[in-house]
Every structure is written in C-alpha cells, then in structure tokens.
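Visitor: Pasting in a structure now, in structure tokens, and then I'll have a few things to ask.
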Amino acid sequence: MPFPLETDRLTIAPLAHTHAEAFVAYRRDPEVARYQSWGTDYSLDDATRLIDGQHDGRLPMPGHWLQLAVQDRRSAELLGDLALHRSPDQPDTFEIGMTLAPAAQHRGIAFEAVEALLEFVFEQEHAHRVTAFCDSRNAPVARLLTRLGFRHESTAVEADWFKDEWTTLEGYALLAREREAAAL
Ligand SMILES: CC(C)(COP(=O)(O)OP(=O)(O)OC[C@H]1O[C@@H](n2cnc3c(N)ncnc32)[C@H](O)[C@@H]1OP(=O)(O)O)[C@@H](O)C(=O)NCCC(=O)NCCS
C-alpha cells in the first residue's frame, strides 16, 4: 500500500472510521460545504457509508474515488481531506478534490497536502494528467491550483444546476510534462 504519504507537517492516509466525527464536523460547516457536493446536513451515517466504500484504502479503480485524511503529523488531528479519482475513460488520468477544516485554512496546509499527492501520482503512479474542477466563485481553490502549477483550461458557463442555481464550472489540468518543465 502506498500510504501514508508524509510531509514536514502532515500525514496523508485513507480516511478511516476513526476520522468520521471530525470529518462530519467540518463537512457541516456552511462555508466548507458551500461549493461542495454535500450540504450542512451531512451526517455520521453519510460518512460511515463513504468510508465503508473505500476498497481497503487501495488506489482507486477506474471510475472510483479514494478519500484521504490529511492529519497533523504530530497531534494526529484531522485537518482535512483529499479525494483522488481515476478516470474510467482515459489511462493514467486522475481528478483531485480537497477540503480543509476552517481552522486549518490559510496556513499552506492544502498546498503541502496536494503537492504530496501530486508527487505520488506523477512519480509513483506515472500519471499523464491530473484535473480539478471548481465553482467559478471559489477563489481560494483557484489560487491554490494556480500555485500548484495547474493550467486553467475550461469554463463551462452556467452549465451545472447545483444547490438551486445555475453555476459556472472552471476546469484545471496539469500534465506530467508540464510539471517536469516547471521543475527545471
Ligand atoms: C480550497 C481550500 C482547501 C484552500 O485552502 P487554503 O488554506 O486557502 O490553501 P493553502 O493551505 O494552500 O493556504 C494558502 C493560503 O494561506 C496563506 N498562508 C498563510 N501562512 C502560510 C504558510 N505558512 N505557508 C503557505 N501559505 C500560507 C497563503 O498566503 C494563502 O493565502 P491566499 O490564498 O489568500 O493567497 C479551502 O479553501 C477549503 O477547504 N475550502 C472549502 C472546501 C472547498 O471548496 N474545496 C474545493 C472544492 S473544488
């Protein structure tokens, strides 16, 4: 198993039942849930179902997601989570998502966590392309993806009926060759 991934401040490993309570607590925060697929009524049962479907923490099969806990390396506190999806249609293609608890935001934690995940998928899993999508109003994630080297490649204007309104989706991508060129 490739996990845990470790960075200076963080340990990253598949989300487990021990994380469920803290996971639910930040998922229910209105600011955290605002642009996400769940609502403020996210429950412990929802988290239990998600964790039960994790395929023993192995890398996701095509078409599946793996949810990863981002924990403080010293205290083991759950700071947030990452999601990794493997494309069912294209080889070596992944999508990522990321969420931090409010107290963990604005500290560079998301950058450190996603950078570790990118290093893993590009260098160990030989990814060709990693994508991410966000609501056009979600400025923090746009800044994060840009800092990580992602290229903005699409805007789907009012394409998604989401939480009772039409929303615009921004698409970002990073190719292995782009990441290599940026590292030179
Ligand atoms: C998206 C999300 C994970 C980004 O988190 P974040 O805390 O803004 O990102 P980082 O951890 O990389 O922190 C960077 C910010 O911390 C600041 N910062 C403070 N101390 C820092 C440090 N020691 N190191 C690096 N950055 C630091 C940076 O200046 C930067 O601020 P800026 O974006 O205003 O320029 C967070 O906003 C979130 O969880 N949102 C709710 C869920 C969501 O919508 N997810 C995206 C779905 S597509």
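Visitor: Based on DSSP H runs of at least 4 residues, each adding -39500 (n - 2.57), what is the mean residue ellipticity at 222 nm of the chain after dividing by all its residues, to the nearest 500 deg cm²/dmol?
Guide: My calculation for the chain gives -7000 deg cm²/dmol from helical runs alone.
Visitor: Would you mind getting the accessible area per residue of the chain, heavy atoms of the protein chains only, 1.4 Å probe, in Å²?
Guide: 54 Å²
Visitor: Solvent-accessible area of SER75, probe 1.4 Å, all protein chains present, reported in Å² to the nearest ten, please.
Guide: Rounded to the nearest 10, the figure is 70 Å².
Visitor: In addition: Please quote Rg/Rh for the range 101-184 to two decimal places, taking the Kirkwood radius as Rh and restricting both calculations to Cα atoms.
Guide: Here the Rg-to-Rh quotient is 1.01.
Visitor: Given the options ASP89, ASP135, ASP72, state which has the largest fluctuation in a GNM of the chain using a 10 Å cut-off (strictly under) for Cα springs.
Guide: Among ASP89, ASP135, ASP72, the largest GNM mean-square fluctuation belongs to ASP89.
Visitor: Please build a GNM for the chain, connecting alpha carbons under 10 Å apart, and tell me which residue among LEU117, LEU84, LEU169 fluctuates the most.
Guide: LEU169
Visitor: From Cα coordinates alone, what are the radius of gyration and Dmax values for the range 1-102 in angstrom?
Guide: Cα radius of gyration and Dmax of the range 1-102 are 13.5, 40 Å respectively.
Visitor: Could you look at the range 1-59 and say what percent of its accessible area is carbon and sulfur, using a 1.4 Å probe and all protein chains?
Guide: 48 percent
Visitor: Right, something else. Starting from the 7 Å offset along Cα-to-Cβ, what nm value, one decimal, do you get for the label separation of GLU31 and ALA139?
Guide: Each label point lies 7 Å from its Cα, and together they span 1.3 nm.
Visitor: Then there's this: Could you please state how large a percent of the accessible area of the range 93-184 is carbon and sulfur, counting protein chains only and using a 1.4 Å probe?
Guide: Taking all protein chains in place, the range 93-184 shows 53 percent carbon and sulfur surface.
Visitor: Excluding ARG177 itself, calculate the net charge of residues whose Cβ lies under 12 Å from the Cβ of ARG177, where each Lys or Arg counts +1 and each Asp or Glu counts -1.
Guide: Here the charged neighbours net out to +1.
Visitor: Continuing with this model, one more query. Using all alpha carbons of the range 5-183, what is the percent of pairwise distances in each 10 Å bin, ordered from the shortest bin to the longest?
Guide: Using 10 Å bins, I get a P(r) of 9, 37, 41, 13, 0 for the range 5-183.
Visitor: So, one more: Give a quick list of trypsin sites (Lys or Arg not before Pro) in the range 75-184 that DSSP marks as loop, anything other than H, G, I, E or B, with at most 14 other Cβ atoms within 10 Å.
Guide: Within the range 75-184, the qualifying trypsin sites (Lys or Arg not before Pro) (loop, at most 14 other Cβ atoms within 10 Å) are ARG107, ARG137, LYS163.
Visitor: Calculate, for HIS106 and SER154, the FRET efficiency according to 1/(1 + (r/R0)^6) with r their C-beta to C-beta distance and R0 25 Å; round to the nearest 0.05.
Guide: E between HIS106 and SER154, to the nearest 0.05, is 0.35.
The values are calculated or read from the model by the stated rules, or taken from the named source; none is laboratory data. Bear in mind the structure is a predicted one, so any value in this text is a computation, not a measurement. Virtual Cβ from ideal backbone geometry, glycine too; neighbours counted across all protein chains shown. Accessible surface is based on the protein model in full, side chains and every heavy atom, while ligands, DNA and RNA are left aside. Shrake-Rupley method; radii C 1.70, N 1.55, O 1.52, S 1.80 Å.
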